[in-house]
Amino acid sequence: MNEETAGFSSLQETLATHFKWFHSHPELGHHEWETTARIRDILMDAGVEILDTSLKTGLVARIGGGGGTVVALRCDIDALPIAEATGLDYASKNGCMHACGHDFHLTSMLGAAMLLKQRESRLMGAVKLIFQPAEETVNGAISVLASGALDDVAEIYGLHTTPDLPVSMIGVSPGAVYAAVGSFTIHIHGKGGHAAHPHECRDPIVALSQIVGAAQTIVSRQTSPFDTAVLSFTHVEAGNTWNIIPEEAFAEGTIRASGKERVNAIMERLDRICKGVQESCGVQIDFHCELNAPAVNNDRELAEFVKRTAQELGFKTGPSSLTMGGEDFAFYQERIRGVFWNIGVASPEPAHNPCFIANPAALSAASVLLAAIAEKSLERLSSVE
Ligand code: NI
């Protein structure tokens, strides 16, 4: 075993140990106290500078000199309210679970920090390492942006595990790879009464049924077949027994599309349907919608750069897994050029499933790629200046 390979395998061992600790100590968004403390300890042991920010959980570290070019690597650190069922000897027992691989993301970033620290004197600028809280609630990125920590960043890169690809295979594509996400609620106020006398009532259930039915035509009849979009009702409530027409009905759901303009257009159409049903059924309808996150939209040139860097390091590459899921990395890309790429972890089950397993064998490879992307983007940016 040569010196370099020996170093690589000890990095893998160190990271696997950290990974198992993070996996068995999952914490929900904005409550990642122990997780943050552990990340801080590991970084400080490696001599990495931790910046003072307004973040309550999560942190921002910096490697390399100030004043010059700055690029950022971002990972997320929060878990999900899922009871783990993997049977792993390092499984979580606290009712929460790292079922989306964020334990993998943050551990590979710690590995990248160790590698970059070794090369600090050679870096052509600074690398900021963002350990972001609360990705699952899609608002952690906003708190990082509000902290000002990214104001001087020229490019940003992040990774996500994917169960579909073999261990260490890289998926990267230009353009939209995660959907823009919107959510809506519909409150219908009708007039309740005896189920035997519907003519004396304004039935909110019939009104809601019409909305749910008509909404199915928004994607199928009013959206171009060349555009990707989803509208799903996910929660409906009305009434509590068999012989009473209730006063009210409620529904909520989500809209996903390849860009926020499309999500907004679909919301407008749903609003129009609600207004029409309000008129025809004589009920009062309160429609509320909001855009939760824009689409993750990879810069074409930088996606090519990530692919080339991965190939140069010997990674197999392929296209990114396209998903109608959301990712708040999108908020960074609204301000900063960036790429969000996948790394294969060959999980037997999909993300957000109680049996999701991110194979730790890919950890050091992810670290090597993250570090190389940061280092090479600094080289490229400083040669352009
Ligand atoms: Ni995730």
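The values are calculated or read from the model by the stated rules, or taken from the named source; none is laboratory data. Everything numeric in this text was worked out from a predicted model, so none of it was measured. Because the Cβ atoms are built from the backbone with ideal geometry, glycine has one as well, and the counts that use them run over all protein chains shown. Remember, those area values only see protein heavy atoms, side chains included, never the ligands or the DNA or RNA. Shrake-Rupley method; radii C 1.70, N 1.55, O 1.52, S 1.80 Å.
Residue 143 fulfils the conditions (1) within 20 Å of the chain's Cα centre (by Cα); (2) surrounded by fewer than 23 Cβ atoms within 10 Å (Cβ to Cβ); (3) farther than 15 Å from residue 335 by Cα except for a single criterion, (3). Residues in segment 238-249 that are assigned to a strand (DSSP E or B) and open to solvent by less than 40 Å² (accessible area, probe 1.4 Å): 245, 249. Would you confirm whether any residue within segment 248-269 is touching a Cys at 6+ places or on another chain (Cβ under 7 Å) and within 18 Å of residue 202 (Cβ to Cβ)? Looking through segment 248-269, none of the residues is touching a Cys at 6+ places or on another chain (Cβ under 7 Å) and within 18 Å of residue 202 (Cβ to Cβ). I want to confirm something. Restricting to segment 71-102 and keeping residues that are open to solvent by less than 10 Å² (accessible area, probe 1.4 Å) and among the hydrophobic types (A, V, I, L, M, F, W, C), which single residue is farthest from the ligand (Cβ to nearest atom)? Among those residues, the one meeting the criterion is 71.
Against the numbered list (1) farther than 30 Å from residue 197 by Cβ; (2) assigned to a strand (DSSP E or B), residue 272 comes up short only at (2). As a summary of the residue check, residue 149 satisfies the conditions (1) of a type outside the set (Phe, Trp, Tyr); (2) farther than 30 Å from residue 57 by Cα; (3) open to solvent by less than 50 Å² (accessible area, probe 1.4 Å); (4) more than 16 Å from the ligand (Cβ to nearest atom) except for the one numbered (2).
Based on what the data block shows, is residue 35 under 21 Å from the mean Cα position of the chain (by Cα) and either open to solvent by 10 Å² or more (accessible area, probe 1.4 Å) or modelled with pLDDT of 95 or more (or both)?
Yes, satisfied.
Applying the criterion of being among the hydroxyl-bearing types (Ser, Thr, Tyr) and on the phi < 0 side of the Ramachandran plot to the residues of segment 155-210, the residue that is most open to solvent (accessible area, probe 1.4 Å) is 209.
None of 343, 373, 285 is in the same structural domain as residue 255 (by TED's automatic domain parsing) and either farther than 22 Å from residue 170 by Cβ or open to solvent by less than 40 Å² (accessible area, probe 1.4 Å) (or both) except 285. Residue 217 satisfies every condition listed in (1) in a helix (DSSP H, G or I); (2) outside the structural domain of residue 191 (by TED's automatic domain parsing) except (2). Within the set 115, 110, the sole residue that is surrounded by fewer than 24 Cβ atoms within 10 Å (Cβ to Cβ), over 22 Å from residue 336 (Cα atoms), in the same structural domain as residue 28 (by TED's automatic domain parsing) and touching a residue at least 60 places away in the same chain (Cβ under 8 Å) turns out to be 115. Scanning segment 131-141 for residues that are of a type in the set (A, V, I, L, M) and in contact with a helix residue (DSSP H, G or I) (Cβ under 6 Å, 6 or more places away or on another chain) yields 134, 141.
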